[in-house]
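A.B. asks: Here's a structure for you.
The values are calculated or read from the model by the stated rules, or taken from the named source; none is laboratory data. What you see is a predicted model; the values in this text were computed from it and never measured. Virtual Cβ from ideal backbone geometry, glycine too; neighbours counted across all protein chains shown.
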Amino acid sequence: MFNTINDRMAGLTSPLLPSHRIDPALLDQARVEMQCDGVPGIALGIYHNGCAATAGLGITNVLNPQPVGGDTLFQIASITKTFTATAVLQLVEQGRLHLDDPIRVHLPQFAVADADVSAAVTIRHCLTHSCGWEGDFYEDPGWGADALAAMVARMRKLVQVTPLGRMWSYNNAAFYVLGRIVEVLHGRPFEDALNEALLTPLGIDGTCFFAHDLLHRSFAVGHAEFNGQTVIARPWAMPRCGNPIGGLIASAEHLMRYAQFHLEGGTVLSDAMRLTAFEPAGPSSDTPEIGLGWWLDDTTGERVVSHGGGGNGQPCEFAIIPSRGFALAVLTNGENGRSTAQRLLKWAMQKYFGLNSPDTEPQPSTDVEAWLGTYETSFYRHVLRREGERLALDETTLKEWLDHLHPPPVSRLGMEVRPTGPDALLIAPGEREKRVATLLRDARGEIRWLRAKRRAALRK
């Protein structure tokens, strides 16, 4: 497949991709980051000004090792949400729906626990993670063509965690709804609808949603660390109902074709609609902002449009810098691969374009005592506490997101926390996996939520 892309680009040149090959310096940097994070394999894809290249390093599977290449299939997990969002925007452009349509215009029986939210929630709320109901909702209603419909029907038990439309909190369940709307309006199962409306017209051939479609091909297996050893992360497959939220299986080569569409345009969307997805569209008071299915970060001085994925032992990142005609895909098969991917993106932006994301610096805060407490989602408990003179955070997993998960989740206790501004904090400063979190207040100004891991956890 990718030879066809290179043939079409034969007359194009890019200083980043001489002879359509990835910069050896980037490959060297990838080897360093992989070793630091214990990642068995990685696939890279770069697109720049009409040129594309891919490469692979390491192995697909520690038990049955095969070399990773640009055509190796990975679970791209939540990067799938951007494909679902694009399919929704196609329907908008065709006049078959509007972003501010209530969900019930298209799914008349739709309901969550709150009756008012059930009636008022819109497609835009779902695309921008601002619907507010419990977002991490995972069940398995089976592998039939009715799996997604059954899952959406089960959402009537989901309670509100945040007010509708007031703030964002990463919401997987919202994309069950969007996927169901896609299949209802197309009159086809979601997987068929996405292939026919988007993937095939873009020439993205060979992606799949089901394990039986990849057994004869090169594919990666997720890995985790357990008792000091790198082991296979099980189970591999997610339930079928999860396909709109994270089920697409694709390669770095596929993502370069996808990058070509988002940077250069294509027949499936007008340029105006395509670029609308890269503009702020939801409630946000901090970084990142939210587009229509994408995360937006302007802290380098130029907009970086991105989405990550977190399949079981297969973290990945896909980022686009529209102003530079640049995209980078980093697919990994080790549980610490998110650090690998994010560091490579930061390295590439600095090396190639001189773009630097400012480091989050600790700052004194007079409100720290008001932050202390326990915050919970349905899956995680966060305890922000004093430990001597410092702030500490304990994170405990309350339940597994996949049945029979092995190795089991590990709690992280006593992570250092430093304030970085009003209601903002840095978790694990100085460590590779450091991350930011935010305290969120209700309409009365009271702290009600801790947004960590991009989810708003409710104060107990």
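A.B. asks: Being farther than 22 Å from GLY165 by Cβ and touching a Gly at 6+ places or on another chain (Cβ under 8 Å) is the filter here, so list the residues in the range 417-460 that pass it.
C.D. replies: LYS460
A.B. asks: I would also like to ask the following. Looking only at the range 405-445, which residues are out of contact with any strand residue (DSSP E or B) (no Cβ under 7 Å at 6 or more places or on another chain) and either among the hydrophobic types (A, V, I, L, M, F, W, C) or at positive phi (or both)?
C.D. replies: LEU405, VAL410, GLY421, GLY430, ALA443, GLY445
A.B. asks: Does GLY313 satisfy being of a type outside the set (A, V, I, L, M, F, W, C), buried (at least 21 other Cβ atoms within 10 Å of the Cβ) and touching a His at 6+ places or on another chain (Cβ under 8 Å)?
C.D. replies: Yes: the conditions hold for GLY313.
A.B. asks: Output yes when any residue across the range 212-235 is part of a loop (DSSP other than H, G, I, E, B), among the aromatic types (Phe, Trp, Tyr), in contact with a Pro (Cβ under 8 Å, 6 or more places away or on another chain) and outside the structural domain of LEU402 (by TED's automatic domain parsing), and no when none is.
C.D. replies: Checked the range 212-235: no residue is part of a loop (DSSP other than H, G, I, E, B), among the aromatic types (Phe, Trp, Tyr), in contact with a Pro (Cβ under 8 Å, 6 or more places away or on another chain) and outside the structural domain of LEU402 (by TED's automatic domain parsing).
A.B. asks: Just one of (1) modelled with pLDDT under 95; (2) more than 24 Å from ALA52 (Cβ to Cβ); (3) touching a strand residue (DSSP E or B) at 6+ places or on another chain (Cβ under 8 Å) trips up GLY313, so point out which.
C.D. replies: (1)
A.B. asks: May I pose another question? Please enumerate the residues belonging to the range 438-460 that are farther than 14 Å from VAL368 by Cα and hydroxyl-bearing (Ser, Thr, Tyr).
C.D. replies: Hits for the range 438-460: nothing passes.
Table: residues versus (1) of a type in the set (A, V, I, L, M, F, W, C); (2) in contact with a Lys or Arg (Cβ under 8 Å, 6 or more places away or on another chain); (3) in contact (Cβ under 8 Å) with a residue 12 or more places away in the chain.
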| position | (1), (2), (3) |
| --- | --- |
| VAL184 | yes, no, yes |
| GLU196 | no, yes, no |
| ALA224 | yes, no, yes |
| ARG240 | no, no, yes |
| ALA252 | yes, no, yes |
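A.B. asks: Is the range 228-244 home to any residue that is closer than 30 Å to PHE326 by Cβ and of a type outside the set (A, V, I, L, M, F, W, C)?
C.D. replies: Yes, the range 228-244 contains at least one residue that is closer than 30 Å to PHE326 by Cβ and of a type outside the set (A, V, I, L, M, F, W, C).
A.B. asks: Tell me, which residue of the range 429-444 that is more than 14 Å from ASP359 (Cβ to Cβ) and more than 21 Å from the chain's Cα centre (by Cα) is surrounded by the fewest Cβ atoms within 10 Å (Cβ to Cβ)?
C.D. replies: ARG444
A.B. asks: Determine which single condition TYR170 fails, assuming it passes every other condition in (1) within 19 Å of ASP442 (Cβ to Cβ); (2) touching a strand residue (DSSP E or B) at 6+ places or on another chain (Cβ under 9 Å).
C.D. replies: (1)
A.B. asks: Could you tell me which of the residues LEU107, LEU97, LEU63, LEU73 is surrounded by fewer than 21 Cβ atoms within 10 Å (Cβ to Cβ) and closer than 30 Å to THR230 by Cβ?
C.D. replies: One residue alone meets the criteria, LEU63.
A.B. asks: On to the next question. Select from the range 215-229 the residues that are more than 17 Å from ASP37 (Cβ to Cβ) and surrounded by 13 or more Cβ atoms within 10 Å (Cβ to Cβ) and write down the one among them that is farthest from the chain's Cα centre (by Cα).
C.D. replies: Residue satisfying both the conditions and the ranking: ARG217.
A.B. asks: List, please: which pairs have Cβ atoms under 6 Å, are six or more places apart or on different chains, and start with a residue in the range 297-323 that is touching a residue at least 60 places away in the same chain (Cβ under 8 Å) and under 18 Å from THR128 (Cα atoms) and end with one that is surrounded by fewer than 17 Cβ atoms within 10 Å (Cβ to Cβ) and not basic (Lys, Arg)?
C.D. replies: Between residues of the range 297-323 that are touching a residue at least 60 places away in the same chain (Cβ under 8 Å) and under 18 Å from THR128 (Cα atoms) and residues that are surrounded by fewer than 17 Cβ atoms within 10 Å (Cβ to Cβ) and not basic (Lys, Arg), the close pairs are ASP297/THR287.
A.B. asks: Next up: Would the range 169-185 turn up any residue that is closer than 25 Å to PRO315 by Cα and surrounded by fewer than 21 Cβ atoms within 10 Å (Cβ to Cβ)?
C.D. replies: yes
A.B. asks: Out of all the residues in the range 91-102, is one or more of a type in the set (Asp, Glu), within 15 Å of ALA193 (Cβ to Cβ) and in a loop (DSSP other than H, G, I, E, B)?
C.D. replies: No: zero hits.
A.B. asks: In addition: Show the residue pairs that are 6+ apart or on different chains and have beta-carbon atoms under 8 Å apart, the first residue being within the range 364-382 and assigned to a loop (DSSP other than H, G, I, E, B), the second being among the basic types (Lys, Arg).
C.D. replies: Listed pairs, sorted by first residue: LEU372/ARG385; LEU372/ARG386; THR377/ARG455; SER378/LYS399; PHE379/LYS399.
A.B. asks: Let me ask another. Do you know which of the residues in the range 368-394 that are charged (D, E, K, R) and touching a Leu at 6+ places or on another chain (Cβ under 8 Å) is surrounded by the fewest Cβ atoms within 10 Å (Cβ to Cβ)? Spell out how you get there, then give the answer.
C.D. replies: Quick first cut of the range 368-394, residues charged (D, E, K, R) only: 369, 376, 381, 385-387, 389-390, 394.
Next, from what is left, pick out any that are touching a Leu at 6+ places or on another chain (Cβ under 8 Å): 376, 381, 385-386, 394.
Working: GLU376: 17, ARG381: 16, ARG385: 15, ARG386: 11, ASP394: 16.
By that ranking, first place goes to ARG386.
A.B. asks: Looking at the range 248-363, what strands (runs of 3 or more DSSP E) fall wholly within it and have at least 1 residues that are touching a Leu at 6+ places or on another chain (Cβ under 9 Å) and closer than 22 Å to ALA77 by Cβ?
C.D. replies: 304-311, 314-321, 326-332
A.B. asks: Then there is this: Among all residue pairs at least 6 apart or on different chains, which show Cβ distances below 6 Å where the first residue, located in the range 87-109, is free of Cβ contacts under 8 Å to residues at least 24 places away in the same chain and of a type outside the set (Asp, Glu) and the second is in a helix (DSSP H, G or I) and crowded, with 19+ Cβ neighbours inside 10 Å?
C.D. replies: Correct list of pairs: empty, since none qualify.
A.B. asks: Oh, and also: Give the residues of the range 407-422 that are in contact (Cβ under 8 Å) with a residue 40 or more places away in the chain and surrounded by fewer than 14 Cβ atoms within 10 Å (Cβ to Cβ), sorted by residue number.
C.D. replies: PRO422
A.B. asks: Right, here's the next one. So, in the range 320-345, how many residues would count as being closer than 12 Å to GLY222 by Cβ and of a type in the set (Ser, Thr, Tyr)? First the steps, then the outcome.
C.D. replies: If we filter the range 320-345 for residues that are closer than 12 Å to GLY222 by Cβ, which is where we start, we get 331-337.
Pick out the ones that are also of a type in the set (Ser, Thr, Tyr) and you get 332.
Going through the range 320-345 one residue at a time, the tally reaches 1.
A.B. asks: Go through the range 349-362 and report how many residues are surrounded by 13 or more Cβ atoms within 10 Å (Cβ to Cβ) and either free of Cβ contacts under 8 Å to residues at least 12 places away in the same chain or not β-branched (Val, Ile, Thr) (or both).
C.D. replies: Residues meeting the conditions: 8.
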